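All of the numbers you see were taken from the coordinates with simple rules; none came from a lab. Bear in mind the structure is a predicted one, so any value in this text is a computation, not a measurement. Using ideal geometry, Cβ is built from the backbone for each residue, glycine included, and neighbour counts are taken over all protein chains shown.
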Amino acid sequence: MNQVIPIEDQLSDVLKRYWGYESFHDLQLPAMTAVLEDRDSLVVLPTGGGKSLCYQAPAMCSDGMAVVVSPLISLMKDQVDALTANGISAAYINSTLSDAEKWNVADRIKSHDIKLLYLAPERIGGGRVLDLLEQGNVSFFAIDEAHCISQWGHDFRPHYRELKLLRERFPKASFHAYTATATQRVRDDIEQQLGLHEPESLVGNFDRPNLFYRAAKKNNLMNQVKKVVDRHAQSPGIVYCISRKEVEKVTAQLREMGYKAAAYHAGMADDDRAQNQEAFIKDKIQIIVATVAFGMGIDKPDVRFVIHTGVPKTMENYQQETGRAGRDGLESECHLFYGGNDARIWKMIFSDQADAVRKISLDSLQTMIDFCHNVECRHRGLVRHFGQDLEKDCETACDVCAGSIEIVKDSQKIGQMIVSSVYRQQERFGVTYTARVLKGMQDERITSNQHDELSTFGLLKINPLKTIQDWIGQLVGQGFLQQVDNDGFSTLKISPSGKQLLKGEVSPRLISPGEEDSKSVTKSKSSKTRSMKGTDEGLFSELRTLRTAKALEKNVPPYVVFGDAALIDMARRFPSSRAKFLEVQGVGQKKCEEYSEDFLAVIRTYCEEKGLPLDVDVDAILAQSEPAEVRPPSANSIQSFDLFEQGLSIEEIAQKIGRAKSTIEGYLTDYIRSRKITDPSPWVDASLITKVQEAIEEIQPARLKLLFLHFEGNIDYTTLRIVSECYRNRD
Ligand code: ADP
């Protein structure tokens, strides 16, 4: 009798056999199941979410050939190389193939020898390719970077519209669209343009917990850049600049400092650009310095840092560009240095745009600037922009939560002085003018307006003009002031919360610009150790050298041989045999056959020399890291402990110490844990306490998300967390 193997088991099996992976990433299983059940799907996952596997793994469980439509011609060869290295039969058809190569692929299609075929969208319109596909027993179609079909996406490609021809010609095959662009409008457009039939719609979590985000004012920029690069020894990184001129300048400066850096921007000759990109992908240089032109089509999974030397154009750009860090899930850092002339340069770039477009560009830029100035968890700020939210602040993975930002003590008073000056100037002037009034500068414009007679004149005279300007920017970013266009001049207006600030009902959180935050550096180092937990760094480095040699031999990027995650896993397991080597994450059967001998030899010699044991039980080591959840309380949280003890509410404390409410909620968790508090009643209504406690007893283990779902979202996470923490302290 033919036994039917459950879909999940089939998929787990190919995941392990070909890729050496043990488990599915978020939403991969339902996405893969939709493919195997022949239901159309639309999958939205952030960069690094593992979209490729969503169609590659099902292709290996299906009869016939899966067709992947992708606009990224430059990537196809790497993708096919990576699949081939895993023992999968793959090929591509695009304009870079010679006629002979095309014939060869055609023969392989006809003889049903290919499992995954990558196709450039331009090929579809011609018809000949469609005839060929008909002979190839197509199992399903995967449309990668599907937002390219939408006019609302940031990268519209007219050829994508021809994909409808595929649907007409292959009415029985299912269609699966993948993108990292989350807006509803783009999603709807993809669904409609591709003619998807009641697709399974899967939208992933947009947070990237392995990334450390930081936004700091520019202050000796090259020094700031150097500090980041130096923490990453030889690891690859991207430096984004606003203009081509700056790309050239920063590249030259980095080279002078002795780093292997190369430039990438649209003004360079195609060959030079391609050569620099290739050198970066193959680890022949460490740093690529680029404009926004760089990135689409870069699949490098081990980028360890992304630096912006100026404010990005939009939040979408920021998310995409920083998203290129840490695709392999290992800790990586994103540093944004803003200020100086950034906004002016962007405005010059926008000046060619039609009025309506320019307005959108300026609004998007302002949202980005506000994000820099805002003092709330950066992870939260980012996902909120994309219409999602977080269960809790990141705690250590951004400059704000890591406590590296010092809030100016007199924030409320300073904020009131500024808003009051705007009020007295009758809301008719901009940032620079207002700063000059507060600085007490007696220039002609100020005296002729008699603003040197205002009570706010010179109130902030001991502060540098730049600092005052920056504080005004922060008040805009935090919503106390608004910048309004008035006949081409930008003027400041007071918002409703600005009025509350004047009455002393709320407080901004101002920071002094230019303070290098050494603390954030320490934090990111500690997160780096987290992913390196139990790893022997000496062995890791030797394995990297071997990987580079193998990659050179085969002329493929080093990550095609093994990703960093696989080398890290080897350097903590110290496998002694092929069987143990197969247990390493990222080692499938083909790679085991090909590389185990050489890698095992290096591991064995290293362990002998250092007297280290082989075949270490890695699960035991990793399990030790679990209690890391109980962090030592930070200086800021300790400050709030006294206030909790005095019985102040979360809102009152947030206002008093000028931190976001969500931050204080995090401190409350620390407080409850450290003082072993069992009674949640100071913060939660008695009727809710009983309900939540009953649910905790019912749902074991009582994870917050499960509780949240249990109450169908009617009880907020803060309440659930407080009651759960107190409940845990009863043991
Ligand atoms: P995306 O296309 O969504 O940006 P990729 O498909 O390039 O993401 O995957 C990002 C990285 O994560 C790749 O190195 C990939 O091999 C790895 N990956 C994907 N799925 C898994 C998994 N289930 N387990 C371990 N690693 C995975």
Per principal axis, largest first, the Cα atoms of region 211-385 extend in Å by 43, 37, 31
Computed over the chain: longest principal axis from alpha-carbon atoms vs helix 411-424 long axis, angle to nearest 10 degrees, is 70
Over the Cα atoms of region 532-621 the radius of gyration and the largest Cα-Cα distance (Dmax), both in Å, equal 12.0, 38
Bridge orientation stat for the chain from DSSP, antiparallel percent rounded to 5, came to 10
P(r) of region 151-306 over all Cα-Cα pairs, 10 Å bins starting at 0, rounded to whole percent, reads 9, 30, 26, 21, 11, 3, 0
Least to most buried among Arg436, Arg604, by other C-beta atoms within 10 Å and fewest first, runs Arg604, Arg436
Counted neighbours (other Cβ, 10 Å), sorted fewest up, put Glu594, Glu145 in the order Glu594, Glu145
Quick note, region 348-466: a/c under 1.5 would make it rounded; otherwise a/b > b/c is prolate and the rest oblate (a ≥ b ≥ c, C-alpha gyration tensor); here it is oblate
Rg from C-alpha atoms of region 660-728, normalised by the globular rule of thumb 2.2 N^0.38 Å, equals 1.03
Placing +1 on each Lys and Arg Cβ and -1 on each Asp and Glu Cβ in the chain, then taking the dipole about the Cα centre, the residue among Gln693, Ser41, Ile281 whose Cα reaches farthest towards the positive end is Ile281
Note to self, the chain gives a 222 nm [θ] from helices alone (DSSP H runs n ≥ 4, -39500 (n - 2.57) apiece, / all residues, nearest 500) of -14500 deg cm²/dmol
At q = 0.20 1/Å the base-10 log of I(q)/I(0) from the Debye formula over the alpha-carbon atoms of region 254-330 is -0.96
Kirkwood radius from Cα pairs of region 411-502 plugged into Stokes-Einstein at 25 °C, 0.890 mPa s, gives D in µm²/s equal to 192
Note: region 173-260, point scatterers on Cα, Debye, no solvent; log10 I/I(0) at q = 0.11, 0.14 Å⁻¹ equals -0.59, -0.74
Once the mean of 1/r over all distinct C-alpha pairs in the chain is inverted, the Kirkwood radius in Å reads 28.5
With no solvent term and unit scatterers on the alpha-carbon positions of region 7-203, Debye gives log₁₀ I(q)/I(0) at q = 0.10, 0.12, 0.15, 0.19 Å⁻¹ of -0.37, -0.54, -0.87, -1.47
Quick note on Phe141, Phe24, ordering by fewest other C-beta atoms within 10 Å, gives Phe24, Phe141
Counting only residues 5 or more apart in sequence or on a different chain, those whose built amide H sits under 5 Å from that of Ser512 are Val408
